[in-house]
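One structure is given below, encoded as structure tokens.
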Amino acid sequence: MFDLVFYLPIVVIAAALVATAIRILREYERGVVFTLGRFTGVKGPGLILLIPYVQQMVRVDLRTLVLDVPTQDVISRDNVSVKVNAVIYFHVVDAEKSVIQVENFRQATSELAQTTLRSVLGKHELDEMLSERDRLNNAIQEILDAQTDGWGIKVSIVEIKRVDLDESMIRVIARQAEAERERRAKVISAEGEEQAARKLRDAAEILASRPESMQLRYLHTLNAIGGQGSSTIVFPFPIEFGQLLAGLQAARAPDRDA
């Protein structure tokens, strides 16, 4: 009984030391180990043994993390105030740097993303924000990736989610879009009139060069009018036909006198 009471605290202390010495890291985790405060390596995944009270370990998650950038007030290059938010996908590529070079890499990346978003979008006009998001996404991603490289962070994707405008600006854009549609409609109509006039001019030149073509066209028009089922048709009588009939009548007159 005395032996059990004597050894029980020793067993408890040994178990506690073993519990503090054993670490298990998952496949997507790494452990940054410090020995008496000095960096001594990155370990994992699997079973890790540490010297209690001498070595400490910081867990680092290597999976892709999603960061929702808060809505930012941005003034575009053409002095339009908009509210923009974005989402960023990044992951740790160097566990050592992510622990040693920056205090909290998630917060640091978030703050850097906010300032970069305002800086990049402020250099572009509103139309570019609305129509060229892919190019702006790539520009922001390249800047963030370059600046976070020293922290062991890789920014893989940046996506601008929303660009919100004031109601007054929405009405202005709607009027502008309507005016642009009217302009395009007028241009298309004018181009159609120009093409039609050119075709009519070409046809007139062809008909003028061959008088018989004009007569055939005239007869074709009469045939088309007659097919409409109208009981009365009024059409101009060609001068050439009148001259032809007058000539025939003058030729028959001497025959009658004889």
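The values are calculated or read from the model by the stated rules, or taken from the named source; none is laboratory data. Note that this is a predicted model, so its numbers are computed, not measured. For the accessible areas, the whole protein counts, side chains as well, though only heavy atoms, and no ligand, DNA or RNA atoms are used. Shrake-Rupley method; radii C 1.70, N 1.55, O 1.52, S 1.80 Å.
Mean shadow of region 130-205, computed from the convex hull of its alpha carbons, in nm²?
Values: hull surface 35.9 nm².
Computed as one quarter of the Cα hull surface, the answer is 9.0 nm².
Provide, for q = 0.17, 0.19, 0.21 Å⁻¹, the log10 of I(q)/I(0) from a solvent-free Debye sum over equal Cα point scatterers in region 15-164.
Ignoring solvent entirely, the Cα scatterers give -0.89, -1.03, -1.18.
Give the Cα extents of region 64-118 along the principal axes, in whole Å, largest first.
43, 19, 14
Could you sort ARG23, ARG118 by accessible area so the largest value comes first, with the probe set to 1.4 Å? Before the final figure, lay out the partial values.
Working: ARG23 75, ARG118 95 Å².
Putting ARG23, ARG118 in descending order of accessible area: ARG118, ARG23.
Given the whole protein assembly as supplied and a 1.4 Å probe, what does the accessible area of LEU65 come to in Å², nearest 10?
Counting only protein heavy atoms, the figure is 20 Å².
Taking a cut-off of 24 Å between Cα atoms, list the lysines near LYS43, but don't count ones fewer than 8 places away on the same chain.
Excluding near neighbours in sequence, the set is LYS97, LYS154.
Which of the lysines could a cross-linker span from LYS161 if the Cα-Cα distance has to be under 17 Å and same-chain partners fewer than 8 positions apart are dropped?
LYS83
LYS199: which aspartates and glutamates have alpha carbons under 19 Å from its alpha carbon, excluding same-chain residues fewer than 8 sequence positions away?
GLU191
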